Amino acid sequence: MQYRDACQQILETVQKLVSINLIRLSAGNISVRLEDGTIVITPSGVGYDVLKAEDMVLMDLHNQKLSGSYQPSSEKALHTAIYRSKPEVNAVVHTHSMYATAFSSVNMELPVISIEVMSAGGPIPVAAYRCPGTDAVGEVVVEQFRQRPGLKGVMMKNHGLVTFGLTLEKAYQTAYEIETGAQIYHLALQTGRQPEGLTPEQVQEIYDVYHSPKKN
Ligand SMILES: [Zn+2]
């Protein structure tokens, strides 16, 4: 992806995340990896209601700003840690979405209680708490998906959610899927009964149905 396309796509994704209430005010940040290995990331301290495509910041994978009027997001180290660890990943979405953050605060991983969580590579674990804005946040998140290669997102304790994907659209979808799964899990727990997740066999069966060649 080229720089200008990335800036525009990040802006549109921020607006979509705001419209579905995954991002409020300026809590959350997004980045995309360009073909030359640099990344474009949302700026720090700019309200998403006034954000423009030209406000995005170009930086390298070692957190050095290359161009842009603003400073890069305060969570830049989280983004670059993921890109350095996963060469196939081209986009990262970080939100403070409410239900995922709530489950992170009680250190409860999100079981595969729906197709959404299955699609996100669930169950979705909670990474240990580290101070937001530090390199340590990226380290504990990377540790989670090193152990689970199929994972597409991680909850960050007392902080929020981070997702990643081959494209920005996929990382966006995963953020939606995990937050939706967290809402469903929350509602199910209100019954007082223990929600039953999909078994590994049921997950495999769904996968086979979705990926089998169509008959006609
Ligand atoms: Zn954050």
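The values are calculated or read from the model by the stated rules, or taken from the named source; none is laboratory data. None of these values were measured; they are calculated from a predicted model. Ideal geometry is used to build each Cβ from the backbone, glycine not excepted, and the neighbour counts take in all protein chains shown. Surface areas here come from the heavy atoms of the whole protein model, side chains and all, with no ligands, DNA or RNA. Shrake-Rupley method; radii C 1.70, N 1.55, O 1.52, S 1.80 Å.
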For this session: Specify the residue that is farthest from TYR99 (Cα to Cα); the eligible residues are those in segment 14-25 that are away from the ligand (no atom under 16 Å from the Cβ), touching a residue at least 12 places away in the same chain (Cβ under 8 Å) and not in a loop (DSSP other than H, G, I, E, B).
Result: GLN15
For this session: Return the pairs, sorted by first residue and then second, in which the second residue is open to solvent by 20 Å² or more (accessible area, probe 1.4 Å) and within 15 Å of the ligand (Cβ to nearest atom), the first residue lies in segment 118-142 and is touching a residue at least 60 places away in the same chain (Cβ under 8 Å) and hydrophobic (A, V, I, L, M, F, W, C), the beta carbons are less than 6 Å apart, and the residues are 6+ apart or on different chains.
Result: VAL137/ARG130
Seminar exercise, completed: Flagged in segment 1-25 as modelled with pLDDT under 90, under 25 Å from ARG84 (Cβ atoms) and more than 14 Å from the chain's Cα centre (by Cα), in numbering order, are MET1, GLN2
For this session: Within segment 70-77, identify whether any single residue is touching a residue at least 24 places away in the same chain (Cβ under 8 Å), away from the ligand (no atom under 16 Å from the Cβ) and within 17 Å of the chain's Cα centre (by Cα), and answer yes or no.
Result: no
Exercise. Could you say whether any residue in segment 169-187 is more than 16 Å from the ligand (Cβ to nearest atom), under 22 Å from ASN107 (Cβ atoms) and without any contact (Cβ under 8 Å) to a residue 60 or more places away in the chain?
Worked result: yes
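Open to solvent by 50 Å² or more (accessible area, probe 1.4 Å), outside any loop (DSSP other than H, G, I, E, B) and hydroxyl-bearing (Ser, Thr, Tyr): which single residue out of TYR172, TYR207, TYR185, TYR129 fits that description? Explain how you work it out, then say what you get.
On the way: TYR172 fails: open to solvent by 50 Å² or more (accessible area, probe 1.4 Å); TYR185 fails: open to solvent by 50 Å² or more (accessible area, probe 1.4 Å); TYR129 fails: outside any loop (DSSP other than H, G, I, E, B).
From the options TYR172, TYR207, TYR185, TYR129, the qualifying one is TYR207.
So which of THR101, THR80 is within 23 Å of VAL14 (Cβ to Cβ), open to solvent by 20 Å² or more (accessible area, probe 1.4 Å) and either more than 13 Å from the ligand (Cβ to nearest atom) or out of contact with any Leu (no Cβ under 6 Å at 6 or more places or on another chain) (or both)? So that I can check it myself, show each step before the final result.
Values: THR80 fails: open to solvent by 20 Å² or more (accessible area, probe 1.4 Å).
The conditions single out THR101.
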